[in-house]
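Quick notes on the structure that follows.
The values are calculated or read from the model by the stated rules, or taken from the named source; none is laboratory data. In this text the structure is predicted, and so the values were computed from the model without any measurement. In this analysis, Cβ positions are derived from the backbone assuming ideal geometry, glycine residues included, and neighbour counts consider all displayed protein chains. Ligands, DNA and RNA are excluded from the accessible area calculation, which covers all protein heavy atoms including side chains. Shrake-Rupley method; radii C 1.70, N 1.55, O 1.52, S 1.80 Å.
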Amino acid sequence: MDEIMTALMNQAFLKYKIRIILSSEADPYTPSVTHTESRTIIINTNFHDKKQIPLQMAHEMGHIINGDQATQPVYFSMMQTDYPMELEANRTAIKLLLPFYLRDKDVENVNSQEFMDTFSVPTHLENIVKEEISGMLAK
């Protein structure tokens with residue numbers, strides 16, 4: 001996961017001019033957060049589900065990549081199932097993480113559930129994961 005986090009941080013900074021702050025001082029249940037106006041993301045590296053930290057980073061990057069505008073900081077939440085801005089940030093996160101999952105994998109070994117398990121993707125995003133995997137494999 002460290003390799004994925006490093007690659008995401010490099011992409012965030014070099015390609016999207018996003019500032020990433022890693023913090024290990026927050027409570028294990030405090031989610032990561034984005035301040036879209038300053039293009040800054042704070043990642044809680046002390047989060048209780050370590051597998052989900054890359055998803056949170058990619059999701060928070062998604063808010064900035066998608067051009068979301070929020071007057072308040074936007075916190076990562078697995079419970080946001082129907083808010084369009086959150087769904088699109090999740091879709092962008094999945095697109096950012098898929099190349100890491102698909103790397104060195106034969107098409108017949110690609111499995112949406114395995115991807116979801118790898119990054120602790122919430123079950124309500126299963127259809128988006130399947131759509132994005134299909135789209136990437138069709139390219």
task = Per DSSP H run of n ≥ 4, the term is -39500 (n - 2.57); total these for the chain, divide by its residue number, and report the mean residue ellipticity at 222 nm rounded to 500 deg cm²/dmol.
result = -15500 deg cm²/dmol
request  = Can you give me the P(r) profile for the chain? Cα pairs, bins 10 angstrom wide beginning at 0, each as a whole percent.
outcome  = 12, 45, 35, 7, 0
query = What accessible area per residue, rounded to a whole number of Å², is obtained for the chain using a probe radius of 1.4 Å?
reply = 55 Å²
ask   = Hey, any idea what % of the chain's accessible area is carbon plus sulfur with a 1.4 Å probe?
value = 51 percent
ask   = Hey, if we sort MET9, MET1 by accessible area with the 1.4 Å probe, largest down, what's the order?
value = MET1, MET9
query = What's the angle, to the nearest 10 degrees (0 to 90), between helix 126-138's Cα axis and the longest principal axis of the chain?
reply = 60 degrees
request  = Can you find, among SER120, GLY67, MET5, the residue farthest towards the positive end of the dipole of the chain? Put +1 on the C-beta of Lys and Arg, -1 on that of Asp and Glu.
outcome  = GLY67
task = Enumerate the lysines that LYS15 could reach by cross-link, defined here as Cα to Cα under 23 Å, with residues fewer than 8 away along the same chain left out.
result = LYS95, LYS139
ask   = Considering only DSSP beta bridges whose two residues both sit in the chain, what percent are antiparallel, to the nearest 5?
value = 50 percent
message = Heavy atoms only, 1.4 Å probe, whole protein assembly: order PHE76, PHE13 by accessible area, highest first.
response = PHE13, PHE76
request  = Calculate the dipole size of the chain relative to its Cα centre from +1 charges on Lys and Arg beta carbons and -1 charges on Asp and Glu beta carbons; express the result in debye to the nearest 20.
outcome  = 460 debye
query = Using alpha carbons only, how many degrees (0 to 90, rounded to 10) separate the axis of helix 84-102 from the longest principal axis of the chain?
reply = 50 degrees
